[in-house]
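Visitor: Got a structure here, written out as structure tokens. Questions coming.
What follows draws every value from the coordinates through simple rules; no lab data is involved. In this text, all values refer to a predicted model and were calculated from it rather than measured experimentally. When we count neighbours, we look across all protein chains shown, and the Cβ atoms used for this are built from the backbone with ideal geometry, even at glycine.
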Number of protein chains: 2
Amino acid sequence: MEITKVGIVGLGLMGGSLSIALQETSEDFYFIGLDHNEKHCQQALELNLVDKIVYTLAEISLCDIVFLTIPVDGIIAISKQFDTLPKECTIIDLGSTKEKISTSIPKEIRENFVTAHPMTGTEKFGPLAAVSGLYKEKVVVLCDMQKSGTHQQEVARKLFSSIDMKLVFMEAKEHDRHAAFISHMPHALSYSLANAVIKQEASESIINLAGGGFRDMSRIAKSSPTMWEDIFRQNKENVLEAIETFQTELKKCQEMVKNEEWENLNHWMNDANSLHDIL
Amino acid sequence: MEITKVGIVGLGLMGGSLSIALQETSEDFYFIGLDHNEKHCQQALELNLVDKIVYTLAEISLCDIVFLTIPVDGIIAISKQFDTLPKECTIIDLGSTKEKISTSIPKEIRENFVTAHPMTGTEKFGPLAAVSGLYKEKVVVLCDMQKSGTHQQEVARKLFSSIDMKLVFMEAKEHDRHAAFISHMPHALSYSLANAVIKQEASESIINLAGGGFRDMSRIAKSSPTMWEDIFRQNKENVLEAIETFQTELKKCQEMVKNEEWENLNHWMNDANSLHDIL
């Protein structure tokens, strides 16, 4: 059986968990890692997330498939550093916003790229956070696929299907707006909630009362500031629109409570309940 | 071994799960249920949550311990309908706000009452939602305990300890403010988030991308509007204060994104990360 060489640039939660997922398929892979964090390189080797560490993009570009599992600005920077790429090489970036990436990749290598966003993650980061099952039965959004080469499209479809992901196809622009509503703005809320409570004088006594609701709502406030700074930067306009839409709803709630419009409040909560039928 | 007669007024998630929890201890209990919803009475019997259904408060007040697991306004109304109570009878209400209850109970029977708030629940409701383990290792806040009789204090401590809860003692007024921050306001956020997304034109396509973050943050938006209307009503001022505190934080986030103050945003998210050390 042929061994597929997989490069992973960025040995963190996403890259590490991807290696675990691929190792759990019936295919044979050889994993080559690249990360500017030497400690993460060592941990990735010790955890068997990669078979070998390399230090240059030239070495990585000899792989059959290369995953870029680093923040968006890093993906854009790296895409400009590749010289020519072998025609059969497939580079799949897993950045959280897609439009800037999709339009920034140099024309000469655009067909080598597939821009994907797996809708999964945890609040943890680094190779020690890598877990089995992170991608299983989750959605992966494949963006602007018409810009990828036929071979690259095929590789990406086959690979994400092999780790049991649900493939969704979308324009990058549409993805970024959707992601702002379903992921980026909710992170802004979670960070705000955590800060609102932490900054209370009696914060410890308050947090001592936390039940499942607060735990769930504040979990993603533990996410990496570095990663989220990048996402908010890359998707600024959509995030601001989503925050404003949320603020309008919260304002409605606030006014109904203030004015004691209990029946309207009940109806409004009932509207929210309809999420139950969808999710 | 002596059998303790336990009355449960309100055969829903909380009352039903409490019966399950008590049945899992080594003590012997006989459960008597009361609920104005005839279907819930039948379901509670079928699910063995209660041994018998009664229809009057007079019958319930013959129990050793009576749990009031109904909304706050119902608890207040019922507390005024009890005539004199046997000196040894312990009535424990599990209402989500405590100050109005604590101050509304008629003086003659105040010592019979223990006002408690278990910091647990799910977004589901009704006797079919009752589950094992709902109370296990969760916090129960016991409020204004100095107003309860010595016997009643002892009964409540022993009983909540027997189902492995962590006892926290607090003034009712303090509890209500804390609960607004840790539970009530987060529910307002979750309802607002669900409505913000549902009302988008492409809502189904957006929700199709939901990962763990959105699932967690929108889960409690599926909670009962009837129950939450009551909580927002009972705890209006504290809820409004907590919402405003949250809005201030979200506004900060919004401004930092708008003005591209990435370093400040990073620090602010880092502040939120400190929740990790506490929760």
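Visitor: What residue among A:ILE105, A:SER79, A:LEU49 has its Cα farthest toward the positive end of the dipole of segment A:3-170, where the charges are +1 on Lys, Arg and -1 on Asp, Glu, each on the Cβ?
Guide: Result: A:ILE105, furthest along the dipole toward the positive end.
Visitor: Using a label position 7 Å from Cα in the Cα→Cβ direction, what is the ascending list of nm distances from B:ILE278 to the same site in the other copies?
Guide: Reported distances to equivalent positions: 3.3 nm.
Visitor: Same structure again: Once you charge only the Cβ atoms, +1 for Lys and Arg and -1 for Asp and Glu, what is the size of the charge dipole of segment A:1-115 about its Cα centre, to the nearest 20 debye?
Guide: 400
Visitor: Whole-Hz Karplus ³J(HN,Hα) for segment A:270-279, in order, using 6.51 cos²θ - 1.76 cosθ + 1.60 and θ = phi - 60°, x for Gly and Pro?
Guide: Running phi through 6.51 cos²θ - 1.76 cosθ + 1.60 with θ = phi - 60° gives 5, 4, 5, 4, 5, 4, 3, 6, 9, 10 Hz.
Visitor: Let me ask another. List the residues whose amide H sits under 5 Å from the amide H of B:ILE92, counting only those 5 or more places along or on another chain, with H placed 1.01 Å from N in the peptide plane.
Guide: B:VAL66, B:PHE67, B:LEU68, B:VAL114
Visitor: Another one. Would you grab the residues whose amide H sits under 5 Å from the one on A:VAL139? Only those 5+ places off in sequence or on another chain, please, with H modelled 1.01 Å from N.
Guide: Under 5 Å from the amide H of A:VAL139 lie the amide H atoms of A:MET119, A:LYS166, each far enough along the sequence or on another chain.
Visitor: Compute the signed sum of charges (Lys and Arg +1, Asp and Glu -1) over the other residues within less than 14 Å, Cβ to Cβ, of A:ASN238.
Guide: 0
Visitor: Would you mind listing the distances between the B:LYS87 label point and the same position in each other copy? Use 7 Å along Cα-to-C-beta, nm, one decimal, shortest first.
Guide: In ascending order, 9.8 nm.
Visitor: Quick check on segment B:175-278: take the gyration tensor over C-alpha atoms, sort the square-rooted eigenvalues as a ≥ b ≥ c, and tell me if it's rounded (a/c under 1.5), prolate or oblate.
Guide: Oblate is the answer for segment B:175-278, as a/c is 1.5 or above yet b/c matches or exceeds a/b.
Visitor: Also: Could you quickly flag the chain A residue whose beta carbon comes closest to the rotation axis taking A to B, and that distance in whole angstrom?
Guide: That would be A:ASP216, 2.
Visitor: Then there is this: Normalised by the residues of chain A, what does the relative contact order come to in percent, with Cα pairs under 8 Å and at least six apart?
Guide: On the way: 439 pairs, mean separation 46.4, N = 279.
Worked out over chain A, it gives 17 percent.
Visitor: Okay, moving on. With the dipole of segment A:175-278 worked out from charges on the C-beta (+1 for Lys and Arg, -1 for Asp and Glu) around the Cα centre, which of A:ASN264, A:PHE181, A:ASN208 lies farthest toward the positive end?
Guide: A:ASN208
Visitor: Which ³J(HN,Hα) values, rounded to whole Hz and listed in residue order, are derived for segment A:109-118 from phi using the Karplus coefficients 6.51, -1.76 and 1.60 in 6.51 cos²θ - 1.76 cosθ + 1.60 with θ = phi - 60°, glycine and proline given as x?
Guide: Here the 3J(HN,Hα) series is 10, 4, 5, 6, 8, 10, 9, 10, 9, x Hz.
Visitor: Mind listing the Cα extents of the protein assembly as shown along all three principal axes, in Å, largest one first?
Guide: 89, 49, 40
Visitor: Could you pull the copy-to-copy label distances for A:LYS158, with points set 7 Å along Cα to Cβ, in nm to one decimal and sorted shortest first?
Guide: The answer, with the shortest distance listed first, is 7.1 nm.
Visitor: When a/c is below 1.5 the answer is rounded, else prolate if a/b is larger than b/c, else oblate, so apply that to segment B:3-170 with a ≥ b ≥ c taken from the square roots of the Cα gyration tensor eigenvalues.
Guide: Details: a/c = 1.40, a/b = 1.17, b/c = 1.20.
Since a/c stays below 1.5, the shape of segment B:3-170 is classed as rounded.
Visitor: Nearest-5 percent of antiparallel DSSP beta bridges in the protein assembly as shown?
Guide: 15
Visitor: Do the alpha carbons of any pairs in A:LYS258/B:LYS100; B:LYS199/B:LYS252; B:LYS158/B:LYS222; A:LYS251/B:LYS222; A:LYS199/B:LYS136 sit beyond 23 Å of each other, and which pairs?
Guide: Numbers: A:LYS258/B:LYS100 18 Å; B:LYS199/B:LYS252 25 Å; B:LYS158/B:LYS222 33 Å; A:LYS251/B:LYS222 19 Å; A:LYS199/B:LYS136 29 Å.
Beyond 23 Å: B:LYS199/B:LYS252; B:LYS158/B:LYS222; A:LYS199/B:LYS136.
Visitor: Could you derive backbone 3J(HN,Hα) for segment A:94-101 from the dihedral phi with the Karplus parameters 6.51, -1.76 and 1.60 (θ = phi - 60°), listing whole Hz in sequence and x where the residue is Gly or Pro?
Guide: Working through the residues one at a time gives 10, x, 7, 10, 10, 5, 5, 5 Hz.
Visitor: Under 17 Å between alpha carbons, and skipping anything fewer than 8 positions from A:LYS107 in its own chain: which aspartates and glutamates qualify?
Guide: Cα-Cα hits under 17 Å: A:ASP83, A:GLU88, A:ASP93, A:GLU99, A:ASP144.
Visitor: Here is a follow-up. In whole angstrom, how far apart do the alpha carbon centroids of segment A:63-135 and segment A:144-195 sit?
Guide: For segment A:63-135 versus segment A:144-195, the Cα centre distance is 12 Å.
Visitor: B:PHE29's amide H: which non-local residues (gap 5+, or another chain) put their own amide H closer than 5 Å, with H modeled 1.01 Å from N in plane and none for Pro or chain starts?
Guide: Under 5 Å from the amide H of B:PHE29: B:THR4.
Visitor: Here's another thing I want to ask about it. Where does the protein assembly as shown land at 222 nm, in deg cm²/dmol rounded to the nearest 500, when only DSSP H runs of n ≥ 4 count, each adding -39500 (n - 2.57), divided by all residues?
Guide: Numbers: 28 runs with 270 residues, N = 558.
Using -39500 (n - 2.57) per qualifying helix, the result is -14000 deg cm²/dmol.
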